[in-house]
Amino acid sequence: MSVHFSLSARVQSLKPSSTVAVSSRALELRRQGIDVISMSVGEPDFDTPPHVKAAAIAAIESGKTKYTAVSGIAELREAISAKFQRENGLSHAADAVTVTSGGKQALFNAFFALLNPGDEVLIPAPYWVSYPEMVAFTGAVPVPVPTTPESGFQLDPGVLEALVTPRTRMIVLNSPGNPTGAVFPPDVLEAVAGIAQRHNLMIVTDEMYEHLVYGAEHISIGTFAPNHTLTVNGASKAYAMTGWRIGYAGGPKAVIAAMNAIQSQSTSNASSVSQYAALAALEQHEETMRFIEMARTAYRERRDVIVAGLNALGLPTPTPHGAFYVMANTDRIDSNELEAARRLLDEARVAVVPGTDFGAPGQVRLSYATDMATIREVLARIEALVG
Ligand SMILES: Cc1ncc(COP(=O)(O)O)c(C=O)c1O
């Protein structure tokens, strides 16, 4: 006898991530023995640094395998507090910091802690797909703030402020950005901070890619509007620790306390072993910075090759100054980016992410967190497609 049950209206309104949809299709083709190169997944191709792994192994062997405080072990929150001061000029005491299972959970908790149904949230577009989905999950309304490829996807504070209404509650920033790689300069950040202060808005800033900047400087917007800013960061991209699931946030104590309350009734603490690993990444700072420098140099070389290559093939691609993604205009392949992505996968055997879900029509995203030989092969395959 079959059992009938209906899924919640909330979950039925959730769109599955198109990033995952493309990588599953690529995996399916691979399973059929077809040689597909995936340029779709956003994670470093480097292994987690050895000093971080060693700390995790030591944590397991010494029995650090029990529940921790919901907000994370005190040593890690102290190390994050010191990191915010040292690298970002932000003063968040350890009790104004929380540790989460990845940056994603920090964002999810923050949105649920701060938003009510009907609230409006300004999100510069193109955006990382999860922001509008998570915001909509709370019942709030994502409002895209347009930017253009011609400006390198720079945010115009005037365009943003014109979209503020009496229902606006929050601005979400992501610089360096996924998918655009755009890095917002200090004058833009200062202007956005001023808008948040004037209209009493909260800024949630996702700084996961802060170390991956090429000739640009990363500035934390929290330095301009400390009382209006929640800063989200994590170990995933900076320390090549995507699978360890460690994110964190620092901000006004009342917001952090509300996020902890949500976490206490959902996932509790982030993995204890992963917390000790992240502690080593932060405390053994010089060793970690050497790793970051190595990765940054490699990403920069790859960026230069892929941007030059795509532009030469007639796929206009602005030069990003951060993260490890490029946005290519695919008119030359098809004016519809979904069809262009389909042809790239089925005919060139290259998996990319259509801009559709990023708020970027006519464009696709390629991740260059892969070795140079693969990047050259991808360019050769696209050349064969576009002739
Ligand atoms: C902009 C941005 N924020 C957050 C995340 C998620 O980070 P984590 O893996 O730590 O949850 C990603 C991952 O792709 C990202 O691109």
Tell me the helices (runs of 4 or more DSSP H) entirely within the stretch 96-201 that contain at least 3 residues that are within 16 Å of the ligand (Cβ to nearest atom). 102-114, 130-137
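If you check S71 against the conditions, is it away from the ligand (no atom under 16 Å from the Cβ), modelled with pLDDT of 95 or more, over 29 Å from F324 (Cα atoms) and in contact with a strand residue (DSSP E or B) (Cβ under 8 Å, 6 or more places away or on another chain)?
On the way: away from the ligand (no atom under 16 Å from the Cβ): yes; modelled with pLDDT of 95 or more: yes; over 29 Å from F324 (Cα atoms): yes; in contact with a strand residue (DSSP E or B) (Cβ under 8 Å, 6 or more places away or on another chain): yes.
Yes; evaluated as a whole, the condition is true for this residue.
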Scanning the stretch 78-87 for residues that are touching a helix residue (DSSP H, G or I) at 6+ places or on another chain (Cβ under 7 Å), more than 16 Å from the ligand (Cβ to nearest atom) and in contact (Cβ under 8 Å) with a residue 40 or more places away in the chain, the one farthest from V135 (Cα to Cα) turns out to be A79
Before we move on, is V364 modelled with pLDDT of 95 or more and buried (at least 24 other Cβ atoms within 10 Å of the Cβ)? yes
For residues that are closer than 20 Å to F111 by Cβ and charged (D, E, K, R), scanning just the stretch 202-236, find the one that is nearest to the ligand (Cβ to nearest atom). D206
Selection status of G314, surrounded by fewer than 21 Cβ atoms within 10 Å (Cβ to Cβ), more than 19 Å from the chain's Cα centre (by Cα), closer than 21 Å to S40 by Cβ and of a type outside the set (A, V, I, L, M, F, W, C): no
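Could you list, in sequence order, the residues of the stretch 281-338 that are among the small types (G, A, S) and assigned to a helix (DSSP H, G or I)?
Here is the first cut: in the stretch 281-338, the ones among the small types (G, A, S) are 281, 295, 298, 308-309, 312, 314, 322-323, 328, 335.
Hits for the stretch 281-338 are A281, A295, A298, A308, G309, A312.
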Inspect all residues belonging to the stretch 282-290 and state whether any of them is within 16 Å of the ligand (Cβ to nearest atom), on the phi < 0 side of the Ramachandran plot and β-branched (V, I, T). no
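Which ones in the stretch 192-217 are on the phi < 0 side of the Ramachandran plot and surrounded by fewer than 19 Cβ atoms within 10 Å (Cβ to Cβ)? Please lay out each step first, then the result.
Initial filter on the stretch 192-217 (on the phi < 0 side of the Ramachandran plot): 192-199, 201-214, 216-217.
Passing the criteria: G194, Q197, R198, H199, A216, E217.
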Looking at the structure I just gave you, is V70 out of contact with any His (no Cβ under 6 Å at 6 or more places or on another chain) and surrounded by 19 or more Cβ atoms within 10 Å (Cβ to Cβ)? yes
Hits in the stretch 37-56 (condition: surrounded by 14 or more Cβ atoms within 10 Å (Cβ to Cβ) and either at pLDDT 95 or above or touching a His at 6+ places or on another chain (Cβ under 9 Å) (or both)): F46, T48, P49, H51, V52, K53, A55, A56
Given (1) more than 15 Å from the ligand (Cβ to nearest atom); (2) out of contact with any His (no Cβ under 9 Å at 6 or more places or on another chain); (3) within 30 Å of G63 (Cβ to Cβ), number of the condition G247 does not satisfy: (1)
Only one of (1) within 16 Å of the ligand (Cβ to nearest atom); (2) loosely packed, with under 15 Cβ neighbours inside 10 Å; (3) not in a loop (DSSP other than H, G, I, E, B) fails for S266. Which number is that? (3)
Could you tell me which of the residues V36, V70, V97 is outside the structural domain of N227 (by TED's automatic domain parsing) and among the aliphatic types (A, V, I, L, M)? V36
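The values are calculated or read from the model by the stated rules, or taken from the named source; none is laboratory data. Keep in mind it's a predicted model, so treat the numbers as computed, not measured. Ideal geometry is used to build each Cβ from the backbone, glycine not excepted, and the neighbour counts take in all protein chains shown.
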